[in-house]
Amino acid sequence: MAITAAITAVEGYLPDFVLTNEELAKMVDTTDEWITSRTGIKERRILKGKDQGSSVMATEAVKRLCEKRKIDPLEIDMLIVATVTGDYIFPATANIVCDKVGAKNAWGYDINAACSGFIFALVTGAQFIQGGRHKKVVVVGVDKMSSIINYQDRTTCIIFGDGCGAVLLEPTEDGSGIIDYVCRVDGSGRKHLYQKSGGSANPPTNDSVDKQEHFVYQEGQQVFKFAVREMADVSVEMMKRNNLGADDVAWLVPHQANKRIINAVADRMELPESKIMLNIHKYGNTTAGTLPLCLWEYEKQLKKGDNIILSAFGGGFTWGAVYLKWAY
Ligand code: UT7
């Protein structure tokens, strides 16, 4: 059999601080009822403290991953970090994480694909395993969304949270692992969800900060419409292309942006709620963190050979789906 890239361990890290809907209702004009019924979110986690960037969460998750799989960080060949909230514009957060965990033999880089970041990074990491060049690739999905959220904007501050998940990819020839994927981008959608300043097009100035352009800008309804259609399309495409009926799919791992989007995607796939991984009520939208955090939380329920479909949609626009067979 051909070599495939299998997830052989998964770990996560969530900051301790819990920001509830009730707390948010004291900060902006909203209610627990509105947030719960429109998004499915009850609370989210926030990374507090000075000088605490995304690498803090990623480092902890990767350390736990190595301990769990009983590997020395020196064995890691490559480490990819999916994030839109890296510690710095440069260097890449992957460099910082490699340094902090002692992965001195690894190389790596960051992938910026917003909420689809983990899927894009997973597919990228898998190529190096399948090609036979690397034996151990760590893929991290992490975001400290609280660093780019305006907590006076009720349309965005209720959605996002901080968190990190990480997986280890290793080669296998037993038919498990990543079987198929589809990844897509449409840059014409960038105007509906982005950070207006801070990059090279509009470097940060006092004026840009005064105008609050360093925060996430989102046209929620536009993003919602695209997310429902495109996430469902690629998920159904994964099923059709691989001759999977609803009964053959053990789990859908959907990006956790809005419970209504997740339900619409599951409906198109004709999957019952019992097959959908969910953590949005506890953590909100952790951007690149949602998919690996779901896998981590549901790990004990997974069985070797389970057919799993991961699916995401995010800013850019970016979207994609992965079909994998669980390896342990
Ligand atoms: O992960 C990356 C991709 N992002 C997404 O997938 C997010 C997709 N979009 C969404 O999840 C939803 O569009 C939101 C949750 C952002 C908003 O929900 P919605 O049902 O689309 O609400 P809306 O924007 O159509 O707003 C409806 C009303 C508006 O009031 P009016 O104009 O009808 O008077 C809003 O001002 O709800 C108001 N509103 C709120 N009310 C209470 C917006 N945010 C809030 C709020 N609390 N937090």
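Values in this text are rule-based calculations from the coordinates and carry no lab data. The model shown is predicted, which means the values in this text are computed figures rather than measured ones. Cβ: placed from backbone, ideal geometry, glycine included. Neighbour counts: every protein chain shown.
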> Which percent, to the nearest 5, of DSSP beta bridges fully inside segment 4-174 are antiparallel?
Replying inline: 70 percent
>> Could you tell me the extents of the chain's C-alpha atoms along the three principal axes, largest first, rounded to whole Å?
In response: 57, 46, 36
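List the GluC sites (Glu not before Pro) within segment 217-285 that fall in a DSSP loop (any state other than H, G, I, E or B) and whose Cβ has at most 14 other Cβ atoms within 10 Å.
Numbers: sites: E219, E230, E237, E270, E273; in loops: E219, E270.
Of the GluC sites (Glu not before Pro), the ones in loops of segment 217-285 whose Cβ has at most 14 other Cβ atoms within 10 Å are E219, E270.
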> Past the 18 Å Cα-Cα mark, which pairs from K50/K144; K259/K300; K48/K300; K144/K211?
Replying inline: K259/K300; K48/K300; K144/K211
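Note down the magnitude of the dipole of segment 4-174 about its Cα centre, charges +1 on Lys and Arg C-beta and -1 on Asp and Glu C-beta and zero elsewhere, to the nearest 20 debye. Working shown, then result.
Working: 19 positive and 23 negative charges, 48 e Å.
About 220 debye.
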>> 5 Å is the cut-off here: which amide hydrogens, built 1.01 Å from N in the peptide plane, fall below it relative to I179, excluding neighbours closer than 5 in sequence?
In response: Y323, L324, K325
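Rank-order 309-318, 241-250, 94-103, 3-12 by packing density, defined as the average count of other C-beta atoms within 10 Å over each peptide's residues, highest first. Show your work: numbers first, answer last.
Values: 309-318: 27.0, 241-250: 13.2, 94-103: 21.6, 3-12: 23.2.
Put in order of decreasing packing, that is 309-318, 3-12, 94-103, 241-250.
Structure shown: which of K63/K282; K100/K325; K136/K191 lie over 29 Å apart, alpha-carbon to alpha-carbon?
Working: K63/K282 23 Å; K100/K325 32 Å; K136/K191 37 Å.
In this structure, K100/K325; K136/K191 exceed 29 Å between Cα atoms.
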>> Give me a comma-separated list of calculated 3J(HN,Hα) values for segment 109-114, in order, Karplus coefficients 6.51, -1.76, 1.60 applied at θ = phi - 60°, integers in Hz, x for any Gly or Pro.
In response: 6, 9, 10, 10, 9, 6
> Taking only DSSP H segments of four or more residues, each worth -39500 (n - 2.57), what value at 222 nm results for the chain once the sum is divided by all its residues, to the nearest 500 deg cm²/dmol?
Replying inline: -9500 deg cm²/dmol
> In whole Å, how far is the Cα centre of segment 260-312 from that of segment 18-89?
Replying inline: 17 Å
> Hey, what do the phi angles of segment 262-277 turn into as Karplus ³J(HN,Hα) couplings, whole Hz, using 6.51/-1.76/1.60 and θ = phi - 60°, x for Gly and Pro?
Replying inline: 4, 4, 5, 5, 4, 4, 4, 7, 6, 9, x, 4, 5, 9, 10, 6
